[in-house]
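A.B. asks: Got a structure for you, questions after.
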Amino acid sequence: MTRRNAGLRFQPSGGPRAGSVPVGKKQLLRIERLASDGRGIAFEGGRTWFVAGALPGEHVEARVLGARSQVVEACCERIQDAAPKRREPPCRFAGRCGGCSLQHMNHADQLALKQRTLAEQLERLAGIAPRQWAEPLVGPEFAYRRRARIAVRWDARQRRLEVGFRAAASQAIVAIDDCSVLVAPLQPILRALPELLCSLQRPQALGHVELFNGTASAVLVRHVAPLGGEDLARLQAFCAQQGAQLWLQGEGEPRPASEDQQLGYRLERWNLELAYRPGDFVQVNAPVNEAMVAQALDWLAVRDDERVLDLFCGLGNFALPLARQAREVVAVEGDEAMTRRAAANATANGLANVHFFRADLSNPLVETPWAGRGFSAVLLDPPRDGAWQVVRQIGTLGARRLLYVSCNPATLARDSAELVRQGYRLERAGILDMFPQTAHVEAMALFEAD
């Protein structure tokens, strides 16, 4: 079977040549296995080739995107012999849009890849495996994203506005009128948005646009120059027609076009509603987020007489459900504005047993009011760079149970090695399929003191 990829031509920053392999060169390759990011790996000419869009066992024609030393990065141009498990990507923009890189793999194989990535990182960096592997936590394979960023660029030479998603391995913009991973309420907005933006009098004032869906739908317009009155009126009329809130962002923080607007999301199992503003961190996958919170509470098994610490707490995604279960929750976040909004969320939901503090958790822990009196359990949900400074001093907090939610298996494995050194054992671990159709791996790990 032969298939051609109709994707855009890539323009690597290295110019027409990168290393000793010319950019654009075509090469026939046999794919041996998959890398952790889902690219196929081949060995040819004494070099290791990473080929986007290729599967193990396939013979493909690949085009070079760039090279350094003995590593070549390429994309699949033509498939001579397709793997039996290859599927036709459900989205017609696959291979051009840079948002989903694994649509040519069935969902079960995507999960297996993510599971293997987590296990390999734990073994390689920490030399450990959990006593029990949990089943992958999954949700819908498509129509799960409740937030999306739309790229906008004014082409001064052509005097036209480009609107869409970034292309794979490129700064080019692919015009897209539907997205298979976007939630249904945002699809009409996505389809109508390009025509609206192109009709503005000063489209060159636009930076980018973001779409949100939760307790309401919202459109955030980032502008690099002031918007004129007529353009602002068109944006307001468009959002009114779409039943969406309009938010604007110039040099400062995002602000609602109408002060009575509030954006939020619900955690139905705990009858909680969390308000947020564009720019705050909110998980994009609502079903998996709620299942993740439920699993975290189940694994920690917090009793109603226990004091719990939630680090990197954000808006209270874990802290507020924990407060329904624990005697007291202490929650710590590095962003001051989000700390205030988290406290407001607790008040709005009638929770008086959760207390929020602001602290930079990338620095060593110091004497603070929230760190005293000890904790029965600790929950960590750090950013991609992990929680190194925290885990180095975790033993001082006295917790017997520790739950680590990670968006980066490498830093989870690094931090796990330190936790084991301090006397914790890895009791249970599993992946969270927060981003189907991508190689992004989220994971949850439960540690217990020996």
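A.B. asks: Kindly indicate whether any position in the stretch 143-162 is more than 30 Å from VAL224 (Cα to Cα), modelled with pLDDT of 95 or more and surrounded by fewer than 18 Cβ atoms within 10 Å (Cβ to Cβ).
C.D. replies: Scanning the stretch 143-162 turns up at least one residue that is more than 30 Å from VAL224 (Cα to Cα), modelled with pLDDT of 95 or more and surrounded by fewer than 18 Cβ atoms within 10 Å (Cβ to Cβ).
A.B. asks: Taking PRO278, is it without any contact (Cβ under 8 Å) to a residue 12 or more places away in the chain and either of a type in the set (Phe, Trp, Tyr) or in contact with a Phe, Trp or Tyr (Cβ under 6 Å, 6 or more places away or on another chain) (or both)?
C.D. replies: no
A.B. asks: While we're on this one: Across the stretch 266-275, which residue is nearest to TRP247 (Cα to Cα) among those that are part of a strand (DSSP E or B) and open to solvent by 10 Å² or more (accessible area, probe 1.4 Å)?
C.D. replies: Among those that are part of a strand (DSSP E or B) and open to solvent by 10 Å² or more (accessible area, probe 1.4 Å), it is ALA275.
A.B. asks: State which residue pairs qualify: first residue under 20 Å from PRO436 (Cβ atoms) and part of a strand (DSSP E or B) and inside the stretch 28-48, second residue of a type in the set (Gly, Ala, Ser) and open to solvent by less than 40 Å² (accessible area, probe 1.4 Å) in any location, beta carbons under 7 Å apart, and separation of 6 or more residues or different chains.
C.D. replies: LEU34/GLY40; GLY40/ALA54
A.B. asks: Going by the conditions given, is GLU77 open to solvent by less than 30 Å² (accessible area, probe 1.4 Å), of a type outside the set (A, V, I, L, M, F, W, C) and not in a loop (DSSP other than H, G, I, E, B)? Before the answer, list the steps.
C.D. replies: Details: open to solvent by less than 30 Å² (accessible area, probe 1.4 Å): yes; of a type outside the set (A, V, I, L, M, F, W, C): yes; not in a loop (DSSP other than H, G, I, E, B): yes.
It is true that GLU77 is open to solvent by less than 30 Å² (accessible area, probe 1.4 Å), of a type outside the set (A, V, I, L, M, F, W, C) and not in a loop (DSSP other than H, G, I, E, B).
A.B. asks: For VAL308, only one of the following conditions fails: (1) over 23 Å from the mean Cα position of the chain (by Cα); (2) closer than 27 Å to ALA216 by Cα; (3) not polar (S, T, N, Q). What is its number?
C.D. replies: For VAL308, the failing item is (2).
A.B. asks: Based on this model, can you work out whether ALA286 counts as open to solvent by 10 Å² or more (accessible area, probe 1.4 Å) and under 19 Å from the mean Cα position of the chain (by Cα)?
C.D. replies: Against the criterion (open to solvent by 10 Å² or more (accessible area, probe 1.4 Å) and under 19 Å from the mean Cα position of the chain (by Cα)), ALA286 qualifies.
A.B. asks: Looking only at the stretch 25-56, which residues are on the phi > 0 side of the Ramachandran plot and crowded, with 16+ Cβ neighbours inside 10 Å?
C.D. replies: If the condition is that a residue be on the phi > 0 side of the Ramachandran plot and crowded, with 16+ Cβ neighbours inside 10 Å, then GLY38, GLY53 are the ones that fit.
A.B. asks: Which one of these is over 17 Å from the mean Cα position of the chain (by Cα) and open to solvent by less than 20 Å² (accessible area, probe 1.4 Å): LEU182, LEU118, LEU125, LEU186?
C.D. replies: From the options LEU182, LEU118, LEU125, LEU186, the qualifying one is LEU186.
A.B. asks: From the set of residues in the stretch 99-149 that are of a type in the set (Ser, Thr, Tyr) and assigned to a loop (DSSP other than H, G, I, E, B), which is nearest to GLU427 (Cα to Cα)?
C.D. replies: TYR144
A.B. asks: I'd like to check something: does the stretch 307-320 contain any residue that is within 25 Å of ASN363 (Cα to Cα), out of contact with any helix residue (DSSP H, G or I) (no Cβ under 9 Å at 6 or more places or on another chain) and either of a type in the set (Lys, Arg) or in contact (Cβ under 8 Å) with a residue 12 or more places away in the chain (or both)?
C.D. replies: yes
A quick yes/no check of all residues on (1) under 27 Å from ALA119 (Cβ atoms); (2) surrounded by 16 or more Cβ atoms within 10 Å (Cβ to Cβ); (3) at pLDDT 95 or above; (4) within 24 Å of the chain's Cα centre (by Cα):
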{"residue": "SER20", "(1), (2), (3), (4)": "no, no, no, no"}
{"residue": "GLY66", "(1), (2), (3), (4)": "no, yes, no, no"}
{"residue": "SER69", "(1), (2), (3), (4)": "no, no, no, no"}
{"residue": "LYS85", "(1), (2), (3), (4)": "yes, no, no, no"}
{"residue": "ARG92", "(1), (2), (3), (4)": "no, no, no, yes"}
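A.B. asks: Just give me the residues in the stretch 397-411 being open to solvent by 10 Å² or more (accessible area, probe 1.4 Å) and closer than 20 Å to VAL302 by Cβ, in sequence order.
C.D. replies: Of everything in the stretch 397-411, those that are open to solvent by 10 Å² or more (accessible area, probe 1.4 Å) and closer than 20 Å to VAL302 by Cβ turn out to be GLY398, ARG400, ARG401.
A.B. asks: Examine the stretch 77-97 for a residue that is aromatic (Phe, Trp, Tyr) and within 21 Å of ALA172 (Cα to Cα), and state whether such a residue exists.
C.D. replies: Scanning the stretch 77-97 turns up at least one residue that is aromatic (Phe, Trp, Tyr) and within 21 Å of ALA172 (Cα to Cα).
The values are calculated or read from the model by the stated rules, or taken from the named source; none is laboratory data. None of the values given here were measured: they were computed from a predicted structure. Glycine also receives a Cβ, built like all others from the backbone with ideal geometry; neighbour counts cover every protein chain displayed. Accessible surface areas use protein heavy atoms only, side chains included; no ligands, DNA or RNA. Shrake-Rupley method; radii C 1.70, N 1.55, O 1.52, S 1.80 Å.
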